[in-house]
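Each remark here refers to the structure printed beneath this line.
The values are calculated or read from the model by the stated rules, or taken from the named source; none is laboratory data. All values reported here derive from a predicted model rather than from experimental measurement. When we count neighbours, we look across all protein chains shown, and the Cβ atoms used for this are built from the backbone with ideal geometry, even at glycine. Areas reflect the complete protein model, heavy atoms only, side chains present, ligands, DNA and RNA absent. Shrake-Rupley method; radii C 1.70, N 1.55, O 1.52, S 1.80 Å.
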Amino acid sequence: MRTVVQNSYGSPEVLEVVELPTPTPGPEQVLVAVRAAALNPVDLAMRAGGMAAAIGEPFPLGLGWDVAGTVEAVGEGVTRWSVGDEVVGLRDEFVGPTGAVASHVVLPADAVATTPAGVSPEAAATFPLNTLTAHQALDLLRLEPGRSVVVTGAAGGVGDYLVALAARRGLRVIGVARADDEAGVRANGATDFATGSEIGQAVRALLPEGADGLVDAAQVGQTALAAVRDGGSFVAVSDPSEPPAERDITVATVHVHHDAEQQAELVRLVESGVLRLRVAATYSLDDVAKAHEAAAQPGLRGRVVVTA
């Protein structure tokens, strides 16, 4: 099999394609022949060393969380999947020599779901990590229908799904993004829209007491707390953006994990058109360094995808 690895932290040039033996799935695992894998900000951060404090230097290190492909082999005890099934999956392990950006990857059998009908592998590969992050972040807010939620980065990879899923839950959604994203954010389900760096001021012009909850997909951090009412809830999408609690605001961070039931539900929402899939660009495995460069461009809408 071919897989992308790095043996040091640094720029995209540290990435290399190597040949490794194709792994055999163990009990309750499946081997997926990869057709497409998406790049997410976490991949860029890991490559550059942004996660080194947490994971050390476990080289060679494989990258990639999102995958779409075909089941090539199943391990002992797997009854739900068969060879030839088209699936999407989440590889939610931080370390290892093989990530999703490879020709093959082994995943837990409950980390994959049936590929949405009528969706290309490139598009399908863009949504497991981001949709599950959005779903699990909203669960942490524990807001009842009719309550209000602010979504920062509302036009980004996670924020786009946060807006759509929050609206589907019956929440009043205030999307925060660049001014030229307003039409798209509203079309995705946002009731209100705000822009600019003074998030608290903008939100309180709409909700004088502040919003019931906020999901910080843009990693604004401390200053975003001003948009939340006393006793509300704040969910960070990554650890660096989690601020210290104040005014009895509940603060949490979403740590995304695979969940077969949630992923199957999200597939259905893709098929019904509630969730839109956005591919920004596609590169081959051999051009993975160029793919990382493209994925680092500011203001990107959609995900860069690497095809095996």
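At-a-glance table
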| item | result |
| --- | --- |
| Residue with peak Gaussian network fluctuation, the chain [Cα springs, cutoff 10 Å], from ALA294, ALA68, ALA211 | ALA294 |
| Å² per residue, accessible surface of region 184-308 at 1.4 Å | 46 Å² |
| Span from the region 216-274 Cα centroid across to the region 1-30 one, whole angstrom | 31 Å |
| Sum of -39500 (n - 2.57) over DSSP H runs of 4+, divided by residues of the chain (222 nm, nearest 500) | -6500 deg cm²/dmol |
| Residues in region 38-58 that a label on ASN7 would reach, taking backbone N under 18 Å of a point 7 Å out along Cα→Cβ | 47-49, 57-58 |
| Folded to 0 to 90 degrees: helix 260-271 orientation relative to the chain principal axis, Cα | 80 degrees |
| Estimated dipole of region 22-124 in Debye, rounded to 20 [Cβ of Lys and Arg +1, of Asp and Glu -1, Cα centre] | 160 debye |
| For region 175-308, diffusion coefficient by Stokes-Einstein and Kirkwood Rh (Cα), 37 °C, 0.692 mPa s, µm²/s | 191 µm²/s |
| Residue-by-residue Karplus 3J(HN,Hα) for region 2-14, coefficients 6.51, -1.76, 1.60, Hz, glycine and proline x | 10, 8, 8, 9, 9, 10, 7, 8, x, 6, x, 5, 6 |
| Extension gain (nm, one decimal) between GLN297 and HIS257, 0.36 nm per residue minus Cα-Cα | 11.7 nm |
| Degrees separating the helix 128-141 axis from the principal Cα axis of the chain, which is the longest one | 40 degrees |
| In degrees, nearest ten, helix 159-168 long axis to first principal axis of the chain (Cα) | 70 degrees |
| Descending semi-axes in whole angstrom, ellipsoid equivalent of the chain, from the Cα gyration tensor | 34, 21, 17 |
| Cα-Cα P(r), region 234-277, percent of pairs per 10 Å interval | 24, 29, 30, 16, 0 |
| Carbon + sulfur, % of accessible area of the chain - ligands and nucleic acids excluded, 1.4 Å | 50 percent |
| Added length on full extension, which subtracts the Cα-Cα distance from 0.36 nm per residue, ARG278 to PHE59 | 75.7 nm |
| At most 16 other Cβ within 10 Å, DSSP loop - GluC sites (Glu not before Pro), region 50-94 | GLU76, GLU93 |
| Cleavage-rule hits, trypsin sites (Lys or Arg not before Pro), region 229-308, DSSP coil, Cβ neighbours within 10 Å at most 12 | ARG247, ARG301 |
| Relative counts (whole %) of C-alpha pair distances in region 22-166, using bins that are 5 Å wide | 2, 10, 18, 18, 18, 15, 11, 6, 2, 0, 0 |
| Accessible solvent surface per residue of region 96-154, calculated while the other protein chains remain in place, 1.4 angstrom probe, Å² | 29 Å² |
| Estimated distance in nm for a label pair at GLN219 and VAL18, the labels positioned 7 Å out from Cα along Cα-to-Cβ | 2.7 nm |
| Dipole magnitude of the chain about its Cα centre (Cβ charges: Lys, Arg +1; Asp, Glu -1), debye to nearest 20 | 700 debye |
